[in-house]
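Here's the structure we're looking at; comments come further down.
The values are calculated or read from the model by the stated rules, or taken from the named source; none is laboratory data. What you see is a predicted model; the values in this text were computed from it and never measured. All Cβ positions, even for glycine, are placed from backbone atoms using ideal geometry, and neighbour counts span all protein chains on display.
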Amino acid sequence: MSIFEIGMLICFGLAWPASIYKSIKSKSTRGKSLNFLLIILIGYISGILHKIFYNPDFVIILYIINFIMVLTDIMLYLNNRKGEKALER
């Protein structure tokens, strides 16, 4: 366990609710990148796997919380994109 790892995950974790709120409120994908969100998601998966296989400790909870928030933002992105495509028709 590293206090710096915890700090990083908390700081990142504080940013995701704002991103999710923006996705819900705007109902738009403007300013969002699906590729970016997927890369971040893969990073959290890597962190979770590292905690499981090499360094199990309670910090895995922070990785899982962040993973869930990014996954939520991805689902909102896909839903908003679907709505945008419907409006284009």
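Residue-by-condition table, conditions (1) modelled with pLDDT of 95 or more; (2) aliphatic (A, V, I, L, M):
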residue: Trp16; (1), (2): yes, no
residue: Ile24; (1), (2): yes, yes
residue: Arg81; (1), (2): yes, no
residue: Lys85; (1), (2): no, no
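Hey, Lys22 hits all of (1) over 14 Å from the mean Cα position of the chain (by Cα); (2) in a helix (DSSP H, G or I) but one; which does it fall short on?
Here Lys22 clears every test but (1).
Can you tell me which of (1) closer than 30 Å to Glu88 by Cα; (2) within 13 Å of the chain's Cα centre (by Cα); (3) in contact (Cβ under 8 Å) with a residue 24 or more places away in the chain is the one Ser28 doesn't meet?
Of everything listed in (1) closer than 30 Å to Glu88 by Cα; (2) within 13 Å of the chain's Cα centre (by Cα); (3) in contact (Cβ under 8 Å) with a residue 24 or more places away in the chain, Ser28 misses just condition (2).
It is to be established whether one or more residues within the range 49-68 are within 11 Å of the chain's Cα centre (by Cα), under 22 Å from Ile3 (Cβ atoms), modelled with pLDDT of 95 or more and of a type in the set (Ser, Thr, Tyr).
Yes, that holds for at least one residue.
Can you name the number of the only condition in (1) part of a helix (DSSP H, G or I); (2) within 21 Å of Asn79 (Cβ to Cβ) that Thr29 fails?
(1)
Would you mention how many residues in the range 1-14 are without any contact (Cβ under 8 Å) to a residue 24 or more places away in the chain and surrounded by 12 or more Cβ atoms within 10 Å (Cβ to Cβ)?
Here the count works out to 1.
Has the range 65-79 got at least one residue that is buried (at least 18 other Cβ atoms within 10 Å of the Cβ), touching a Phe, Trp or Tyr at 6+ places or on another chain (Cβ under 7 Å) and farther than 20 Å from Ala15 by Cβ?
No, because not a single residue in the range 65-79 is buried (at least 18 other Cβ atoms within 10 Å of the Cβ), touching a Phe, Trp or Tyr at 6+ places or on another chain (Cβ under 7 Å) and farther than 20 Å from Ala15 by Cβ.
Report every pair of residues separated by at least 6 positions or lying on different chains whose Cβ atoms are under 8 Å apart, first residue within the range 36-59 and exposed (fewer than 13 other Cβ atoms within 10 Å of the Cβ) and in a helix (DSSP H, G or I), second charged (D, E, K, R) and modelled with pLDDT of 95 or more.
Here the result reads none, with nothing in the range 36-59 linked to a residue that is charged (D, E, K, R) and modelled with pLDDT of 95 or more.
Among (1) exposed (fewer than 12 other Cβ atoms within 10 Å of the Cβ); (2) hydrophobic (A, V, I, L, M, F, W, C); (3) over 21 Å from Glu5 (Cα atoms), which single condition is Ile24 missing?
Tallying (1) exposed (fewer than 12 other Cβ atoms within 10 Å of the Cβ); (2) hydrophobic (A, V, I, L, M, F, W, C); (3) over 21 Å from Glu5 (Cα atoms), Ile24 fails exactly one: (1).
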